[in-house]
Amino acid sequence: MISRWDISSLVNLPEYMKLCYKALLNIFEETEQELRKQGKEYFVKYSKNEVCLSVFYYLSNSFECIIVLLFICCLKNEYFIM
């Protein structure tokens, strides 16, 4: 979703995420306008890419943590039934 950087993606998001996504889009749009005046609007492309990578790594790390927690819960239930 975030990799598209498109306002039309808002319709697919839950309500609680729409505000954050719209604010993020606005920040990048304003920054791009300011940098365009300096001829450096390409900085925004790199920034967007870094945000995508950060979100990807955050989510993949969260997923790994969930898998580990599920594994621990399974072991606990299997060996330490109370």
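In table form, for the structure just shown:
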| quantity | calculated |
| --- | --- |
| Single residue of segment 69-82 satisfying the filter (exposed (fewer than 10 other Cβ atoms within 10 Å of the Cβ) and in a helix (DSSP H, G or I)) that is modelled with the highest pLDDT | GLU78 |
| All positions within segment 15-42 that are surrounded by 14 or more Cβ atoms within 10 Å (Cβ to Cβ) and more than 15 Å from TRP5 (Cα to Cα) | LEU35, GLU41 |
| Subset of segment 1-57 (residues that are charged (D, E, K, R) and part of a helix (DSSP H, G or I)) | GLU15, LYS18, LYS22, GLU29, GLU30, GLU32, GLU34, ARG36, LYS37, LYS45, LYS48, GLU50 |
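The values are calculated or read from the model by the stated rules, or taken from the named source; none is laboratory data. None of the values given here were measured: they were computed from a predicted structure. As a convention, Cβ positions derive from the backbone with ideal geometry for all residues, glycine included, and neighbour counts pool all protein chains shown.
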